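Participant: One structure, as structure tokens, below. Some questions next.
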Amino acid sequence: MIHARKNRCLDGGLARAVAVWQANDETHTRLFVRGDATDASYFAAALDAFSFLLDVSTGADPTLLHLTDNTLRKEIGDVLDAFPSVKIAGVARGAVAELSRVALDVLDNDAGTRMAAHEELERLRIAALPELTVATDASKSRRRGVGVACVSEEGDRHQRMVPNVKSVPAGELLAIELAIDRFTDRRLRILSDSRTALQHLGVLQSDWPLRPDGEAKAVADRIRESMRGRDIRFSWVRGHSGHLLNETADRLAVAVRRAHEAQIPTEIRQAIAERIVEPVFAAA
């Protein structure tokens, strides 16, 4: 039997087909791969498998072949007179169904191996890059809601308004979460001027116990989960002390909150943010 798949997430996109056959009471498999996930490559991989099975089918008895793709089954069925040694099985039953399960296992195992190799290469690529410093900050509204922002030493910025947040530490942690979510392809050093937020993450010790804060705890738990497998370290910086990145993150957080409250149009918000980060670009 032949089973084919297109996978756009594997190595930039692959078409794969697996041929599974029984000979001398033994089950054999052969995988065929084409280097993109187009329809043409998908059918080409399946035809590679079909050609291979024709070569190994040298017995006197007709070969019973099942193709899981309906289109391919019909196309080959239409020219079956050219292949007198082959008989098409329309439904996967009995031994053919068992071969189908074997085919799926081969494709799944191959996908897992390729994905693991890709993840390892990505890990090595990120490890080879220099650490990126990112500052985070939050601006709490007098009412509910908080503006959060982050900015990297290279001038990349991200902002968002989070409504209904009541806790200042939760806002500071949301700014940290924003940085972790947006800067995914680098080792990070995250700067925060919130001792309380860093205490919630367990990266800063204090003689003062944390006050109960369900909002902050929930965000801190999400951050710890998102940090799994990431290379991230934290540093505390004194707020409003002239630190360029910290001051820029603060201004971005204030700007997005005020823009939300004043219902400023998006293009004006973007222009304001671009002006705020100009000193970071100049320093970079």
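Participant: Scan the range 76-97 residue by residue and report those that are assigned to a helix (DSSP H, G or I) and either closer than 19 Å to L14 by Cβ or free of Cβ contacts under 8 Å to residues at least 12 places away in the same chain (or both). It would help to see each step written out before you state the result.
Facilitator: Start the filter on the range 76-97 by keeping residues that are assigned to a helix (DSSP H, G or I), which leaves 76-78, 80-82, 95-97.
Listed by number, the residues that qualify are G77, D78, L80, D81, A82, A97.
Participant: Report whether or not A111 is of a type in the set (A, V, I, L, M), modelled with pLDDT of 90 or more, closer than 30 Å to I180 by Cα and out of contact with any His (no Cβ under 9 Å at 6 or more places or on another chain).
Facilitator: Details: of a type in the set (A, V, I, L, M): yes; modelled with pLDDT of 90 or more: yes; closer than 30 Å to I180 by Cα: yes; out of contact with any His (no Cβ under 9 Å at 6 or more places or on another chain): yes.
Yes.
Participant: If you scan the range 247-257, which residues turn out to be in contact with a helix residue (DSSP H, G or I) (Cβ under 9 Å, 6 or more places away or on another chain) and touching a residue at least 24 places away in the same chain (Cβ under 8 Å)? Let's see the steps before the verdict.
Facilitator: Narrowing the range 247-257 to residues in contact with a helix residue (DSSP H, G or I) (Cβ under 9 Å, 6 or more places away or on another chain): 247-249, 251-253, 255-256.
T248, A249, R251, L252, A253, A255, V256, listed by residue number.
Participant: Moving on. Among the candidates L178, L210, L191, which residue alone is open to solvent by 60 Å² or more (accessible area, probe 1.4 Å), touching a Ser or Thr at 6+ places or on another chain (Cβ under 8 Å) and either over 13 Å from D137 (Cα atoms) or of a type outside the set (V, I, T) (or both)? Full working, then the answer.
Facilitator: Values: L178 fails: open to solvent by 60 Å² or more (accessible area, probe 1.4 Å); L191 fails: open to solvent by 60 Å² or more (accessible area, probe 1.4 Å).
After applying the criteria, what remains is L210.
Participant: Would you check if D11 is among the acidic types (D, E), open to solvent by 30 Å² or more (accessible area, probe 1.4 Å) and without any contact (Cβ under 8 Å) to a residue 60 or more places away in the chain? Before the answer, list the steps.
Facilitator: Numbers: among the acidic types (D, E): yes; open to solvent by 30 Å² or more (accessible area, probe 1.4 Å): yes; without any contact (Cβ under 8 Å) to a residue 60 or more places away in the chain: no.
For D11, the condition - among the acidic types (D, E), open to solvent by 30 Å² or more (accessible area, probe 1.4 Å) and without any contact (Cβ under 8 Å) to a residue 60 or more places away in the chain - is not met.
Participant: Now a separate question. In the range 118-139, what residues are at pLDDT 90 or above and either touching an Asp or Glu at 6+ places or on another chain (Cβ under 9 Å) or of a type in the set (A, V, I, L, M) (or both)?
Facilitator: Filtering the range 118-139 down to residues at pLDDT 90 or above leaves 130-139.
The answer is E131, L132, T133, V134, A135, T136, D137, A138, S139.
Participant: Can you find, within the range 25-72, the residue that is nearest to V102 (Cα to Cα) among those that are among the small types (G, A, S) and either open to solvent by 80 Å² or more (accessible area, probe 1.4 Å) or not in a helix (DSSP H, G or I) (or both)? Can you show your working first?
Facilitator: Step one: of the range 25-72, the residues among the small types (G, A, S) are 35, 37, 40-41, 44-46, 49, 51, 57, 59-60.
Then keep just the ones that are either open to solvent by 80 Å² or more (accessible area, probe 1.4 Å) or not in a helix (DSSP H, G or I) (or both); that gives 35, 37, 57, 59-60.
Details: G35: 23, A37: 22, S57: 19, G59: 23, A60: 25 Å.
By that ranking, first place goes to S57.
Participant: Go through the range 84-126 and count every residue that is within 17 Å of the chain's Cα centre (by Cα) and either on the phi > 0 side of the Ramachandran plot or aliphatic (A, V, I, L, M) (or both).
Facilitator: Counting residues in the range 84-126 that are within 17 Å of the chain's Cα centre (by Cα) and either on the phi > 0 side of the Ramachandran plot or aliphatic (A, V, I, L, M) (or both) gives 7.
Participant: Tell me the residue from D36, D69 that is within 17 Å of L107 (Cα to Cα) and touching a residue at least 40 places away in the same chain (Cβ under 8 Å), please. Before the answer, list the steps.
Facilitator: Numbers: D36 fails: touching a residue at least 40 places away in the same chain (Cβ under 8 Å).
The conditions single out D69.
Participant: Looking at (1) at pLDDT below 90; (2) touching a helix residue (DSSP H, G or I) at 6+ places or on another chain (Cβ under 9 Å), which is the only condition L54 fails?
Facilitator: (2)
Participant: Using the structure shown, decide if A127 is more than 20 Å from R257 (Cα to Cα), open to solvent by less than 60 Å² (accessible area, probe 1.4 Å) and not in a loop (DSSP other than H, G, I, E, B). Don't jump to the end; show me each part of the working.
Facilitator: On the way: more than 20 Å from R257 (Cα to Cα): yes; open to solvent by less than 60 Å² (accessible area, probe 1.4 Å): yes; not in a loop (DSSP other than H, G, I, E, B): yes.
Yes: the conditions hold for A127.
Participant: I would also like to ask the following. Filter the range 232-263 down to the residues that are open to solvent by less than 50 Å² (accessible area, probe 1.4 Å) and more than 30 Å from H200 (Cα to Cα) and list them by number.
Facilitator: Listed by number, the list is empty, since nothing qualifies.
Participant: Also, quick follow-up: If the requirement is being under 30 Å from K217 (Cα atoms), among the charged types (D, E, K, R) and modelled with pLDDT of 90 or more, which of these qualifies: R157, R142? Break it down into steps so the answer makes sense when it comes.
Facilitator: Values: R142 fails: modelled with pLDDT of 90 or more.
When all the criteria are applied, what remains is R157.
The values are calculated or read from the model by the stated rules, or taken from the named source; none is laboratory data. Just so you know, these numbers come straight off a predicted model, no measurement behind them. When we count neighbours, we look across all protein chains shown, and the Cβ atoms used for this are built from the backbone with ideal geometry, even at glycine. SASA here: full protein model, heavy atoms, side chains in, ligands and nucleic acids out. Shrake-Rupley method; radii C 1.70, N 1.55, O 1.52, S 1.80 Å.
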